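Engineer: Provided herewith is a single structure, encoded as structure tokens, for subsequent inquiry.
The values are calculated or read from the model by the stated rules, or taken from the named source; none is laboratory data. Given the structure is predicted, the values throughout are model-derived calculations rather than measurements. So basically every Cβ, Gly included, is an ideal-geometry build from the backbone, and we count neighbours across all protein chains shown. SASA here: full protein model, heavy atoms, side chains in, ligands and nucleic acids out. Shrake-Rupley method; radii C 1.70, N 1.55, O 1.52, S 1.80 Å.
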Protein chains: 2
Amino acid sequence: MRIAIDAMGGDFAPESIVKGINLAKKEFPNIEFQLYGEPEAIQAHLEDEKNVKIIATTELIDFHDEPVKAIRKKKDSSLVRAVKAVKDGEADAVLSAGNTGALLAAGLFIVGRIKQIDRPALMSTLPTADGTGFDMLDLGANAENKPEHLADFAILGSYYAANVRGVKNPRVALLSNGSEESKGSTMIKETHALLSNIEDINFIGNIESRDILTGAADVVVADGFTGNAVLKAIEGTASVLMRQIKNGIMNGGFTTKIGGALVKKELSKLKDTMSTDSAGGAALVGVKAPVIKAHGNSSPEAIVSTIRQIHRMLETDVTGQLVKHFEDKN
Amino acid sequence: MRIAIDAMGGDFAPESIVKGINLAKKEFPNIEFQLYGEPEAIQAHLEDEKNVKIIATTELIDFHDEPVKAIRKKKDSSLVRAVKAVKDGEADAVLSAGNTGALLAAGLFIVGRIKQIDRPALMSTLPTADGTGFDMLDLGANAENKPEHLADFAILGSYYAANVRGVKNPRVALLSNGSEESKGSTMIKETHALLSNIEDINFIGNIESRDILTGAADVVVADGFTGNAVLKAIEGTASVLMRQIKNGIMNGGFTTKIGGALVKKELSKLKDTMSTDSAGGAALVGVKAPVIKAHGNSSPEAIVSTIRQIHRMLETDVTGQLVKHFEDKN
């Protein structure tokens, strides 16, 4: 297995990325890690070069770059070069913690779509109260979708949950504003009808965003606009609440502060359960190879989780299975 | 001021409703409370009949009833009768904690839309970290919307925030999947263009759902499908997190439990800040009179908050102002 890595993308790059690779090398001695970026900056954090290839690049795509323009102009950026390695057959998957839009655009235009899939989607494994998690897509690769796209998302998500997360017969639900079949926009109602007729998935009907975090479904399908809004609402609410709790305790009286110190461990454990770090990065699904986006602020541990995820995707050949599924369709 | 109240709607009706009215009577001696429902059940909880009128009704719309069918068939239900009192000029506003869909349908078909408003919207004041709150609409009165509807929502929300919450020159934002003007679906981009050209509102551009709880806007405009999904994602996340914290503390070791006892007050204060109870109920805006939905599980205190909200709506005549605004438009 060969993974192309954009060593320069992310808030703490290349340090966090390279430190993550130092850890991942120990866990996965069968992976070749191809690090794209400035050799000296990379070497400064690299423990040793065993199973590592450093490929020098001269340009950088940052968070301010306009995605499509950036991938056209900055052909020698670490991001574009890493993605191109997959296209050229030099790597089996690509990982970046950099500019999300640029990675999506590069995945779409350079790696390319699986035949018969019009719209690849961004998917993440989100945490649930019971610790099992669920896969949600599209989280914003698309600004709007048609029912046919969502039908593809259902299959992409189902294969991913079954293979990468090992969920048997994953329960696939459609995000709507009511659990009844009659609820939702015209687009959602049409999607409901389509999903009901796909034999290869275990469609359990509509789900409301109130219920997704409880683990009621293994895969939640949404259009990119709504999926993105819901994801950000979850993140925003969790962040505001955790900060409020912290502030409340810090600004509380003496006993509250003591209490805070005593529950600190429990709260940080909770933060871990509800964190998306351990589940890996967001996958652009529907393209011909694994294209994975790690959080911009990924810690070395989060990078290891993402390598673990990619390893599992390659090991199960989930992408190859999907290519076959869609080829057989027609 | 005369408020028609569906005394039989809600999880704890009529007890919670009537007990709320007992409290509200003291705060608002100038309000006539018209209680629709079973006289004996109401009287069992009513302290005295000062400023109270009990109107006997024989039918009940519950949570299982199909909304439109229910309001057509159950003409002598407490909900329909209370709404009809507004239509007939016997009351100035109506409050129910019952079936949301039925109240929306009754508001729409019985009270009726303000001239030139195609689609009334459901609006709530949601909590922010800084305690000021923001008004969000549409929260699901519509399953899909056109840009023109959202332009109306912006005006409805802006008038409400200015009058009822006393916000000067309310900042109105459009929910999208990026803060830049170029982000969002075709519908959202068209709405952005429309809102930019409305002189009567202080449009500050797009907002992401990640940022709404921080108080970055006073009014957040969304289509009914997305607004509903975001609202339920916020509610679901807050509920899962608070439960996780509680479980973590309860199942923690001895010191964690002690700590939990010491921070309990702070956590319950936080729960109050982040609760929607104190801001009143959800308003169906765009109809000719205040139609207010209190939470199904409203406590007597939540009912008082809702009466306070209705009092403020009537006192400022925000609905009358809106009628005039839309009349003047053409």
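Engineer: Among (1) more than 26 Å from A:K183 (Cβ to Cβ); (2) out of contact with any Asp or Glu (no Cβ under 8 Å at 6 or more places or on another chain); (3) surrounded by fewer than 20 Cβ atoms within 10 Å (Cβ to Cβ), there is one condition B:F109 misses while meeting the rest; what is its number?
Structural biologist: Failed condition: (1).
Engineer: Can you give me the number of residues within the stretch A:227-250 that are at the interface with chain B (Cβ under 7 Å from one of its Cβ atoms) and buried (at least 18 other Cβ atoms within 10 Å of the Cβ)?
Structural biologist: Residues that pass the stated criteria total 15.
Engineer: Hey, any hits in the stretch B:302-321 for a residue that's modelled with pLDDT of 80 or more, surrounded by 15 or more Cβ atoms within 10 Å (Cβ to Cβ) and closer than 30 Å to A:L270 by Cβ?
Structural biologist: For the stretch B:302-321, residues modelled with pLDDT of 80 or more, surrounded by 15 or more Cβ atoms within 10 Å (Cβ to Cβ) and closer than 30 Å to A:L270 by Cβ: present.
Engineer: Picking from B:A229, B:A261, B:A216, which residue would you name as being touching a residue at least 24 places away in the same chain (Cβ under 8 Å) and of a type in the set (A, V, I, L, M)?
Structural biologist: Exactly one of B:A229, B:A261, B:A216 is touching a residue at least 24 places away in the same chain (Cβ under 8 Å) and of a type in the set (A, V, I, L, M), namely B:A216.
Engineer: With the structure loaded, tell me whether B:G224 is crowded, with 17+ Cβ neighbours inside 10 Å, at pLDDT 95 or above and within 13 Å of chain A (Cβ to nearest Cβ) or whether it fails that test.
Structural biologist: In short, yes.
Engineer: What is the one condition in (1) closer than 21 Å to B:D92 by Cβ; (2) open to solvent by less than 20 Å² (accessible area, probe 1.4 Å) that B:L270 does not satisfy?
Structural biologist: All conditions are met except number (1).
Engineer: Would you check which residues across the stretch B:188-220 are within 17 Å of B:E148 (Cβ to Cβ) and in contact with a helix residue (DSSP H, G or I) (Cβ under 6 Å, 6 or more places away or on another chain) and list them?
Structural biologist: Across the stretch B:188-220, the qualifying residues are B:E190, B:T191, B:L194, B:L195, B:I201, B:F203.
Engineer: Within the set of pairs 6 or more residues apart or between chains, which connect a residue that is under 23 Å from A:R243 (Cβ atoms) inside the stretch B:195-211 to a residue that is of a type in the set (V, I, T) with Cβ atoms less than 6 Å apart?
Structural biologist: So the pair list comes out as B:S209/B:V230.
Engineer: Can you find a residue in the stretch A:89-96 that is touching a residue at least 24 places away in the same chain (Cβ under 8 Å), under 22 Å from A:E148 (Cα atoms) and in a loop (DSSP other than H, G, I, E, B)?
Structural biologist: No.
Engineer: Could you list, in sequence order, all residues of the stretch A:61-77 that are assigned to a helix (DSSP H, G or I) and either in contact with a Pro (Cβ under 9 Å, 6 or more places away or on another chain) or open to solvent by 70 Å² or more (accessible area, probe 1.4 Å) (or both)?
Structural biologist: A:K69, A:R72, A:K73, listed by residue number.
Engineer: Another one. Please state which one of B:T125, B:T132 is touching a residue at least 12 places away in the same chain (Cβ under 8 Å), among the β-branched types (V, I, T) and out of contact with any strand residue (DSSP E or B) (no Cβ under 9 Å at 6 or more places or on another chain).
Structural biologist: B:T132
Engineer: Hey, which of the strands (runs of 3 or more DSSP E) in the stretch B:120-218, taking only ones fully inside, have at least 1 residues that are open to solvent by 40 Å² or more (accessible area, probe 1.4 Å) and away from every other protein chain (no Cβ under 11 Å)?
Structural biologist: B:171-175, B:202-207
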